[in-house]
Structures are given as C-alpha cells and as structure tokens.
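J.: Sharing a structure, written as structure tokens. Questions coming.
The values are calculated or read from the model by the stated rules, or taken from the named source; none is laboratory data. From a predicted model like this one, the values you see are computed outputs, not experimental measurements. All Cβ positions, glycine included, derive from the backbone under ideal geometry; neighbour counts span all protein chains shown. Accessible surface is based on the protein model in full, side chains and every heavy atom, while ligands, DNA and RNA are left aside. Shrake-Rupley method; radii C 1.70, N 1.55, O 1.52, S 1.80 Å.
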Amino acid sequence: MSTSTTLTINQNITKYIHGYTTDEEDRLIRQSNFLEPYIYNNDVDFSNCHHIIEVGCGVGAQIQLLLNRWPHLQITGVDISESQISRASEFLKPYIEAGRVSVHVSHGGKLPFFDESFDSALICFVLEHANNPLNVLKELKRVIKSGSNLYCTEAFNAGLYVYPTCLAFQNYWEIFNRFQKELNGDPDVGIKLCNLALNAGFTEVTPGYIPIRLDDRTKDISQRANLIDWFVECILSVAPILIAQDRVTPDLIEEMKQEFHWLKNNQNSIFVYPLQQIKAVK
Ligand SMILES: C[S@@+](CC[C@H](N)C(=O)[O-])C[C@H]1O[C@@H](n2cnc3c(N)ncnc32)[C@H](O)[C@@H]1O
C-alpha cells in the first residue's frame, strides 16, 4: 500500500474529545516528549522487531520517539482522522521518503493489512476514544505475528488524586469525563486493559502502572510546573467545546487554573495521575 493511502472507512467515526485543531496537533507532540520517560520504561522493548504498527498514531509523535530509540525499525502508523495523517505525513516526511515509515487513514477496528504482517504493536491513548476497544485489540492481534507483543498505554481517569481538594477542578473533571462517555469513549479504559486483551485472545498479559506523581519530593519548581502544565494543557484542550455547549463557564476555568497554580507552587500538595500500561503476548 502506498504512503498516506486514504481508505474507505465503513465504520462510524468516533467523535474525538480533543478535536482536530492545529493547536491540538502541536499539543500531542509536546505531550509525547513530556511523557516519553514514563511510557518508554524498561518494559517496552522493540529491539528484536523489524516492522511494527501503531494504531491511533495521531500526528506521528510516538513514531518519531520510537525511531529515535530503535533506529532500525520500520513503522506503519494508522489513524482514523485524515487531518492527523496529513500532519503526520509532514511531520515524518524524511522518514517516509526514506521508506522507513508509512501512514494511512484507517479505523483501528478494521485494519487494511494481512494477518501476521507485523512484529509488534503499539497503542497509546487511543482506546479511551474508541467506541469498541475490544474490536481494536482483536484487529491488532490479527495483524501481528504469533509470539509477538502488544504494548498499550491508556488513561485511568478515576484513579486521579489531588490534595488538597480543588473544587473547581473536581467539578470540571466530572463534566470532562461525562462528556467523554457521551462521545462513546471510556476515560477509565486503562484499568480494563488486562481483561480486554485476554478477551481479544492475547495469551500472557502483564499489567504495568505508570504513576505520574507530584509531592514534596519534587522541589524543583520547573519540574513541578512541567508536570502540572502538561496535565492542565491536556484537559484544557476540551474547554472550548465545553464552554460552547454551556457545560462549563469561563469563570470555572479561571478558578481551576488558580487551583493548579497553587498546587504547582505548594510543596504540600499531592497530584497523582496513574496511567495504565500492558504488555500482551499473542
Ligand atoms: C490522544 S491521540 C494519541 C495519538 C498518538 N498515539 C500519540 O500518543 O501521540 C488519539 C488518536 O487516536 C485516534 N483514534 C481514535 N479512535 C480511533 C480508532 N477507532 N481508530 C484509529 N484511530 C483512532 C484519534 O484520531 C487520535 O489521533
């Protein structure tokens, strides 16, 4: 299949909570850089793979990190959104021209590849947006070779903990998560990954817990700011639509920003956002 092939997608396109603006595309690149040391811990290893697939590759931010870490890899990325794939084609242009990367528009639940085409698979912050995450995992299992690994990292929003209580944020977070569910997403899909992978037919499934955590141990103010700013930027990407739909007010957003400013600057505060990661073997 040629680079950036646009395929007919017969399934319903899930509405994507973060939207497809240029700002959001840029945010995905900043986010992947910030989270790189968390996501690519020692448990994730593609050193014995040749050709891997990323489903829900967005603008190609993870693909770039993967190529830096494992320069021998050939990577195929797919995403349901034409605009994400168009940006990925620009972002990854040198790699695409060198024949190391190809990107395609495709629903993760119906991949345009033969069985056992890939040596491994990556999925990162996608199943929370998919209306049928089980189908996506089944499809991934079909296209990877027997004995190969799937690495999947997802959110578990119900696991978030903030001290002291921030009422404006609590309010916003409840509305944010309800909105994602209304879009047929699952903000807690991360905690269900083991069950989903087993149901999809993977044999061995190993859970991993990635605690993104701020407490009194982090004294450096810029480190504290980086963590809080990453999270606030992520949740604020949804604010314009929540305001437009009268679900939240600009005043609530301002109050929430003040709360996070306080958390960032007060050593006594605690912020824990646990990502969930699995390694599953076909
Ligand atoms: C938060 S972004 C993550 C992008 C990339 N994995 C990263 O970490 O930078 C989620 C992406 O999943 C895509 N997506 C959502 N549902 C999908 C589906 N069913 N099949 C393929 N892509 C999907 C969205 O279009 C979006 O680009």
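J.: Can you compute 3J(HN,Hα) from phi for each residue in region 163-178, using the Karplus curve 6.51 cos²θ - 1.76 cosθ + 1.60 with θ = phi - 60°, rounded to whole Hz and x for Gly and Pro?
T.: For region 163-178, the Karplus-derived couplings read 10, x, 4, 10, 5, 5, 5, 4, 5, 4, 5, 5, 5, 4, 5, 5 Hz, x marking Gly and Pro.
J.: If you don't mind, there's one more thing I want to ask. Determine, at each q value in 0.13, 0.16 (inverse angstroms), the log₁₀ of I(q)/I(0) that the Debye formula gives when each Cα of region 39-96 is one equal point scatterer.
T.: -0.31, -0.47
J.: In the chain, carbon and sulfur make up what percent of the accessible area (probe 1.4 Å)?
T.: On the way: 6240 of 12760 Å².
Carbon plus sulfur share of accessible area: 49 percent.
J.: Go through region 42-53 residue by residue and turn each phi into a ³J(HN,Hα) via Karplus (6.51, -1.76, 1.60, θ = phi - 60°); whole Hz please, and just put x for glycine and proline.
T.: 5, 6, 9, 9, 10, 5, 9, 9, 10, 10, 10, 10
J.: In whole angstrom, note down how far apart the Cα centers of region 195-211 and region 113-177 are.
T.: Computed from Cα coordinates, the inter-centre distance equals 11 Å.
J.: Roughly how many Å² is the accessible area per residue of region 3-281, as a whole number, for a 1.4 Å probe? If you can, show how the numbers build up before the last one.
T.: On the way: 12520 Å² over 279 residues.
That works out to 45 Å² for each residue.
J.: Based on alpha-carbon positions alone, could you give the equivalent ellipsoid semi-axes of the chain from the gyration tensor, as √(5λ), descending, whole Å?
T.: Calculated on Cα positions only, the semi-axes equal 32, 20, 19 Å.
J.: Then there is this: Take the residue pairs Lys15/Lys93; Lys219/Lys279; Lys141/Lys257; Lys138/Lys257; Lys15/Lys138; Lys145/Lys181 and return only those whose Cα atoms are more than 30 Å apart.
T.: Numbers: Lys15/Lys93 27 Å; Lys219/Lys279 33 Å; Lys141/Lys257 42 Å; Lys138/Lys257 40 Å; Lys15/Lys138 21 Å; Lys145/Lys181 33 Å.
Flagged as over cut-off: Lys219/Lys279; Lys141/Lys257; Lys138/Lys257; Lys145/Lys181.
J.: Please state, as a whole number in µm²/s, the translational diffusion coefficient that the Stokes-Einstein equation yields for region 41-168 at 20 °C and 1.002 mPa s, with Rh defined as the Kirkwood radius across alpha carbon pairs. It would help to have the intermediate numbers written out before the result.
T.: Values: Rh = 15.4 Å.
It diffuses with D of about 139 µm²/s by this estimate.
J.: May I pose another question? What list of ³J(HN,Hα) values in whole Hz, one per residue of region 186-198 in order, does the Karplus curve 6.51 cos²θ - 1.76 cosθ + 1.60 (θ = phi - 60°) give from phi, with Gly and Pro shown as x?
T.: Each residue of region 186-198 in turn: 9, x, 10, 4, x, 6, 9, 4, 4, 5, 4, 5, 5 Hz.
J.: Once the Cβ-Cβ distance between Gln170 and Asn131 is put in as r, and R0 is 30 Å, what FRET efficiency do you end up with, to the nearest 0.05?
T.: Values: r = 27 Å, r/R0 = 0.90.
So, using R0 = 30 Å, E works out to roughly 0.65.
J.: Further question on the same structure: Measure nothing but the geometry: give the 0 to 90° angle between the long axis through the Cα atoms of 250-265 and the longest principal axis through the Cα atoms of the chain, rounded to 10°.
T.: With rounding to tens, the tilt is 90 degrees.
J.: Separate question: Within 10 Å, count the other beta carbons around each residue, average over each peptide in 240-246, 226-232, and list them highest first. List each step's numbers first, then the result.
T.: Details: 240-246: 12.6, 226-232: 17.4.
My ranking of the peptides, most packed first, is 226-232, 240-246.
J.: Calculated FRET efficiency, His72 and Leu183, Cβ-Cβ r, R0 30 Å, to nearest 0.05? Can you show the working numbers first?
T.: Working: r = 38 Å, r/R0 = 1.27.
Computed FRET efficiency for His72 and Leu183 comes out at 0.20.
J.: For region 128-275, what are Rg and Dmax over the alpha carbons, in angstrom?
T.: My reading of the Cα-based Rg and Dmax gives 17.8, 53 Å.
J.: Between Gly208 and residues 5 or more places away or on another chain, which pairs have amide H atoms under 5 Å apart, with H built 1.01 Å from N, and which residues are they?
T.: Here Gln277, Ile278, Lys279 satisfy the definition.
J.: While we're looking at this one, here's another question. Pairing the Cα long axis of helix 221-236 with the longest principal axis of the chain, what angle in degrees results, from 0 to 90 and rounded to the nearest 10?
T.: Here the helix axis deviates by roughly 70 degrees.
J.: How far is helix 22-39 tilted off the main Cα axis of the chain, in degrees rounded to 10, range 0 to 90?
T.: Between the helix axis and the principal axis of the chain, the angle is about 90 degrees.
J.: Would you mind putting 198-210, 182-194 in packing order, based on average other-beta-carbon counts within 10 Å, highest first? Show your work: numbers first, answer last.
T.: Values: 198-210: 15.4, 182-194: 18.7.
Highest-to-lowest ranking by the protection proxy: 182-194, 198-210.
J.: In the chain, if the dipole is taken from +1 on Lys/Arg beta carbons and -1 on Asp/Glu beta carbons about the Cα centre, which of Leu183, Val272, Leu66 is farthest to the positive end?
T.: Of the options given, the answer is Leu66.
J.: If we sort 27-34, 120-127 on the protection proxy, mean other Cβ atoms within 10 Å, highest first, what's the order?
T.: Numbers: 27-34: 17.8, 120-127: 24.0.
In descending order of packing, they fall as 120-127, 27-34.
J.: If you don't mind, there's one more thing I want to ask. Please give the contour-minus-distance gain from Ala225 to Ala158: 0.36 nm per residue of separation, less the Cα-Cα distance, rounded to one decimal in nm. Intermediate results must be reported in sequence, preceding the final value.
T.: Numbers: separation 67, 0.36 × 67 = 24.12 nm, distance 2.28 nm.
Gain on extension, Ala225 to Ala158, equals 21.8 nm.
J.: Quick one: dipole size for region 3-281, taken about the Cα centre, charges +1 on Lys/Arg Cβ and -1 on Asp/Glu Cβ, in debye to the nearest 20. Kindly include the intermediate steps, with their values, before the conclusion.
T.: Details: 23 positive and 33 negative charges, 93 e Å.
Here region 3-281 has a charge dipole of around 440 debye.
J.: Oh, and also: Return the calculated 222 nm mean residue ellipticity for the chain, to the nearest 500 deg cm²/dmol, obtained by summing -39500 (n - 2.57) across DSSP H runs with n ≥ 4 and dividing by the residue count.
T.: Details: 10 runs with 114 residues, N = 282.
-12500 deg cm²/dmol, from helical runs alone.
J.: What is the log10 of I(q)/I(0) for region 154-231, computed with the Debye formula using one identical point scatterer on each Cα and no solvent, at q = 0.11, 0.17, 0.26, 0.27 Å⁻¹?
T.: Each listed q maps to, in turn, -0.42, -0.87, -1.27, -1.30.
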